[in-house]
Amino acid sequence: MQATAEIAERISTISVSSTLKVSADADRLRREGVDVIDFGAGEPDFPTPANIKRAAVEAIEQNFTKYTNAGGTPELREAICARHSADFGTGYSPSECLVTVGGKHAIFNLIQALVNPGDEVIIPVPYWVTYKDVVNYAGGVCVFVETDERNGFEVNAAMIERHLTARTKLVIINSPSNPSGSVLSKEEFRRIFELTSKRDIFLMTDECYCKFVYDGAPFSIAALPDAKETVVVAGSLSKTYAMTGWRIGFALAPAPLIGAMLKLQSHSTSNPTSIAQKAAVEAVHGPQDSVPLMLAEYRRRRDFVIERLRAIPGVSIAMPKGAFYAYPNVSVAYGGGIRNSLEFSSALLAQAHVAVVPGEAFGTNDHVRISYATSMHELERGLDRLDQFIGGLRS
Ligand SMILES: Cc1ncc(COP(=O)(O)O)c(C=O)c1O
């Protein structure tokens with residue numbers, strides 16, 4: 001028997017994360033000695049703040065190195081609820097909180113715990129790659145809501161309403177958005193909540209980039225009265241505290257749903273790493289001053305990147321209002337040998353040695369994602385190369 005014939009069918013419903021694939025291709029070239037500029041990775045270039053690292057070292061020295069509660073230590077769950085309450089005015093208790101192995105794990109557990117085969121899940125386009133695969137894995141049906149780049153890819157309640165059916169189980173909102181950087185206004189988010197809550201549809205708010213908003217104060221839709229019944233928060237410490245490798249995320253949701261997720265988690269990962277949990281307590285409970293410093297630096301880079309992209313003839317870009325990604329339309333370069341975002345990204349990496357993520361991964365084909373969570377020096381060099389690459393294709 002061929003090995004592939006033995007692989008379970010449900011695995012064929014998912015594909016390898018394109019964002020991870022780009023990093024792997026860029027890594028391979030780098031190992032071959034090529035000077036690659038990596039705009040693919042969606043992770044802060046800042047080190048984890050020193051107080052957080054110290055908390056982990058202390059945890060090791062104090063032998064906090066054993067199993068913890070599968071759903072996270074009471075201390076961390078308490079601290080996460082307190083942080084969310086201080087930041088956004090929500091009122092979660094530890095029984096409504098689950099600590100997970102990164103935000104991705106929270107989303108995986110949530111969707112597996114909620115979605116039955118045939119249930120419809122509404123996902124605005126462009127979307128973060130993982131939603132689609134995780135919904136497919138659960139046997140759910142992705143219902144994509146197209147947005148317009150001329151409106152900054154913003155989704156609204158009317159667009160979502162047109163896609164609701166008797167089978168709609170969940171609406172996913174990611175604001176600020178990966179990849180487009182679009183940010184929903186509080187009023188529009190409230191309209192979406194009103195739409196879903198009156199039909200008993202769950203609303204998942206992916207707050208991975210919630211602290212990286214360039215205009216106005218961040219908010220959580222979970223702070224609205226009655227929101228706790230149908231809103232589920234997927235949170236992550238990865239980007240907020242430059243902790244991508246520590247793998248700590250969380251979910252805030254009604255206690256029965258948290259219980260269902262915990263059941264699944266107890267048979268898969270068990271607890272998130274004990275040491276990382278101690279570091280996470282310090283992250284959410286300790287000083288928060290690293291966050292506005294990172295945001296100020298991202299804003300500087302965003303302004304630079306957008307200005308440079310807009311100066312490339314034929315390239316258009318909606319101004320990102322949050323997160324640390326630019327999502328330019330590069331279709332001006334299509335024609336000749338390049339027909340889509342995948343071919344564009346491959347040629348850019350092979351010829352100009354710049355790694356970006358093809359828009360195809362996020363559900364649009366005219367765009368590529370540029371992460372500006374990298375130094376100004378690298379941004380300057382990479383944008384020079386991108387400019388020359390596109391110029392060369394057009395001439
Ligand atoms: C929109 C979004 N949600 C969730 C995550 C998950 O982050 P992590 O699993 O690293 O905590 C990411 C990571 O890139 C993301 O972009």
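Determine the dipole magnitude for the chain: charges of +1 sit on the beta-carbon of Lys and Arg, -1 on that of Asp and Glu, nothing else is charged, the reference point is the Cα centre, and the result goes in debye to the nearest 20. The calculated dipole for the chain is roughly 160 debye.
Given in Å, the Rg to one decimal and the Dmax to the nearest whole number for the Cα atoms of segment 203-321 are 17.9, 54. Extension gain, Arg199 to Arg10: 0.36 nm times the residue separation minus the Cα-Cα distance gives 65.0 nm.
Average projection, convex hull of the Cα set of segment 8-63: 7.6 square nanometres. When the square roots of the Cα gyration tensor eigenvalues are ordered a ≥ b ≥ c, the ratio a/c for segment 154-274 is 1.5 or more and a/b does not exceed b/c, which makes its shape oblate.
By its C-alpha gyration tensor, with a ≥ b ≥ c as the square roots of the eigenvalues, how is segment 121-178 shaped: rounded for a/c under 1.5, else prolate for a/b larger than b/c, else oblate? Since a/c reaches 1.5 but b/c is at least a/b, the shape of segment 121-178 is classed as oblate. Relative to the longest principal axis of the Cα atoms of the chain, the long axis of helix 290-310 makes an angle of roughly 30 degrees. For a Förster distance of 22 Å, can you work out the FRET efficiency between the beta-carbons of Arg385 and Phe46, rounded to the nearest 0.05? That gives a FRET efficiency of 0.40. Just going by the charge dipole of the chain, with Lys and Arg at +1 and Asp and Glu at -1 on Cβ, which of Val171, Val57, Ser290 is farthest out on the positive end? Farthest towards the positive end: Val57. So what is the diffusion coefficient of segment 175-227 in µm² per second by Stokes-Einstein at 4 °C and 1.567 mPa s, using a Kirkwood Rh over Cα pairs? It diffuses with D of about 110 µm²/s by this estimate.
Secondary structure note: in the chain, about 45% of the DSSP beta bridges are antiparallel.
Once a ≥ b ≥ c are taken as the square roots of the eigenvalues of the Cα gyration tensor of segment 1-137, is the result rounded (a/c under 1.5), prolate (a/b larger than b/c) or oblate (a/b not larger than b/c)? Judged from the Cα gyration tensor, segment 1-137 comes out oblate (a/c at least 1.5, b/c at or above a/b). Label separation (Met319 vs Ser375): 2.9 nm, computed from points 7 Å beyond Cα along the C-beta direction. Potential lengthening of the chain between His163 and Gln351 amounts to 63.5 nm, from the contour at 0.36 nm per residue minus the alpha-carbon distance. If you plug the beta carbon distance of Val57 and Ser270 into 1/(1 + (r/R0)^6) with R0 = 25 Å, you get a FRET efficiency near 0.60. Protein heavy-atom accessible surface, 1.4 Å probe, per residue over segment 303-372: 33 Å².
Probe radius 1.4 Å, ligands and nucleic acids ignored: give me the carbon and sulfur share of the accessible area of segment 139-190 as a rounded percent. Ligands and nucleic acids excluded, carbon and sulfur reach 47 percent. In this rough spin-label picture, where each label sits 7 Å from Cα along the Cβ direction, the Val332-Tyr67 distance is 5.9 nm. Amide H contacts of Val141: Gly118, Asp119, Glu120, Val121, each under 5 Å away and 5 or more positions distant or on a separate chain (H built 1.01 Å from N in the peptide plane; Pro and chain starts excluded). Highest mobility in the GNM of the chain, judged by mean-square fluctuation with C-alpha springs under 10 Å and restricted to Gln112, Gln351, Gln62, is found for Gln62. Across segment 87-200, the relative contact order, built from alpha-carbon pairs under 8 Å that are at least six residues apart, equals 25 percent. For segment 225-237, 3J(HN,Hα) computed residue by residue from phi via the Karplus equation (6.51, -1.76, 1.60; θ = phi - 60°) reads x, 6, 5, 4, 6, 10, 8, 10, 9, 10, x, 8, 8 Hz, glycine and proline entered as x.
On the basis of the beta-carbon distance and an R0 of 30 Å, Ser93 and Asn116 show a calculated FRET efficiency of 0.60.
Overall, the accessible surface of segment 233-327 at a probe of 1.4 angstrom is composed of carbon and sulfur to the extent of 61 percent. For the pair Arg339 and Glu229 in one chain, pulling the backbone fully straight at 0.36 nm per residue adds 35.0 nm over the alpha carbon distance. Can you compute log10 of I(q)/I(0) for segment 69-226 with the Debye formula, treating each Cα as one identical point scatterer, at q = 0.08, 0.19 Å⁻¹? With no solvent term, the Cα-only Debye profile gives -0.23, -1.36. Farthest towards the positive end of the charge dipole of segment 124-227, among the residues Gly152, Thr205, Cys142, is the Cα of Cys142, using unit charges on the Cβ of Lys, Arg, Asp and Glu.
Summarised in one figure, the compactness ratio Rg/Rh of segment 268-395, Cα atoms and Kirkwood Rh, is 1.10. The sum of -39500 (n - 2.57) across all DSSP H runs of n ≥ 4, divided by the residue count of the chain, sets its helix-only mean residue ellipticity at 222 nm to -12000 deg cm²/dmol. Taken over the chain, the alpha-carbon convex hull comes to 159 cubic angstrom per residue. Using a cutoff of 8 angstrom between alpha carbon atoms and counting only pairs six or more residues apart, the relative contact order for the chain works out to 24 percent. A 1.4 Å probe run over the protein chains yields, for segment 141-285, 39 Å² of accessible area per residue, whole-number rounding.
The values are calculated or read from the model by the stated rules, or taken from the named source; none is laboratory data. From a predicted model like this one, the values you see are computed outputs, not experimental measurements. When we count neighbours, we look across all protein chains shown, and the Cβ atoms used for this are built from the backbone with ideal geometry, even at glycine. To get the accessible areas, we keep the full protein, side chains included, count just its heavy atoms, and leave off ligands, DNA and RNA. Shrake-Rupley method; radii C 1.70, N 1.55, O 1.52, S 1.80 Å.
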